[in-house]
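Written out below as structure tokens is the structure these notes cover.
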Amino acid sequence: EAQVTQNPRYLITVTGKKLTVTCSQNMNHEYMSWYRQDPGLGLRQIYYSMNVEVTDKGDVPEGYKVSRKEKRNFPLILESPSPNQTSLYFCASSLWPDNEQFFGPGTRLTVL
Amino acid sequence: AQTVTQSQPEMSVQEAETVTLSCTYDTSESDYYLFWYKQPPSRQMILVIRQEAYKQQNATENRFSVNFQKAAKSFSLKISDSQLGDAAMYFCAYSTSGTYKYIFGTGTRLKVLA
């Protein structure tokens, strides 16, 4: 089944404790992206990747890191999480940015 | 900078009626793509419809159609014969091969009344 998987689905952590949210797709897509969704703000792009080893900042990259060492995986790293990073996070992939994006199920992150 | 604006935070429609959700955008690009995504209570994001800016013809998908006005930078979504399953958040989105970024609006919550 073609899909984007994210783990964990729910995470509660404390300020400053490094965490990684994994994202994997099995559709051989070139383009992958991370978004955060906050009430009243819609989805905002954090980082995106056009291919292996090629990543670039979206509109809200501060406090986040990403890597794309393999085509299928695109983890999101929070080196020192803060409460303002409490949000719902989505990973997505597509053949190219102008194509339909396929979204993962989302990760609900709470930083205390 | 490109922006996407959805000015209706919430809308309601009677079952079987028609509703139109508004979206405007700002860009200096000539080649771009516009999308409507649906997010039901399950949180799963689902593509509803996609429009290529260079195409004059408005995209349609069954009961969903768009009114794409390129000069006005407007991209509204019309849902005909509304069903209870259409109740969701709807997001308008924009992308361009110029920057590779993907930009979403703030969403419109649609309620369908039985």
Selection from segment A:1-50 of residues β-branched (Val, Ile, Thr) and outside any strand (DSSP E or B) yields A:14, A:15
Please work out which one of (1) over 26 Å from residue B:32 (Cβ atoms); (2) open to solvent by 10 Å² or more (accessible area, probe 1.4 Å); (3) more than 14 Å from chain B (Cβ to nearest Cβ); (4) not β-branched (Val, Ile, Thr) is the condition residue A:108 fails and give its number.
(3)
Single residue of A:79, A:53 found to be acidic (Asp, Glu) and at pLDDT 95 or above:
A:79
With the requirement that a residue be exposed (fewer than 15 other Cβ atoms within 10 Å of the Cβ), part of a loop (DSSP other than H, G, I, E, B) and away from chain A (no Cβ under 13 Å), what does segment B:15-49 give you?
B:15, B:16, B:17, B:18, B:28, B:30
Picking from B:12, B:76, which residue would you name as being more than 12 Å from residue B:94 (Cβ to Cβ), assigned to a strand (DSSP E or B), at pLDDT 95 or above and touching a Cys at 6+ places or on another chain (Cβ under 8 Å)?
B:76
Tell me the residue from B:66, B:112 that is closer than 19 Å to residue A:42 by Cβ, open to solvent by less than 70 Å² (accessible area, probe 1.4 Å), part of a strand (DSSP E or B) and in contact with a strand residue (DSSP E or B) (Cβ under 8 Å, 6 or more places away or on another chain), please.
B:66
Does segment A:35-84 hold any residues that are of a type in the set (A, V, I, L, M) and either open to solvent by less than 20 Å² (accessible area, probe 1.4 Å) or facing another protein chain (nearest Cβ under 9 Å) (or both), and which are they?
A:41, A:43, A:46, A:50, A:76, A:78
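The values are calculated or read from the model by the stated rules, or taken from the named source; none is laboratory data. Small disclaimer: the values here were computed from a predicted structure and weren't measured. Cβ atoms come from the backbone with ideal geometry, glycine included; neighbour counts cover every protein chain shown. These area figures cover heavy atoms from the full protein model, side chains too; ligands, DNA and RNA do not enter into them. Shrake-Rupley method; radii C 1.70, N 1.55, O 1.52, S 1.80 Å.
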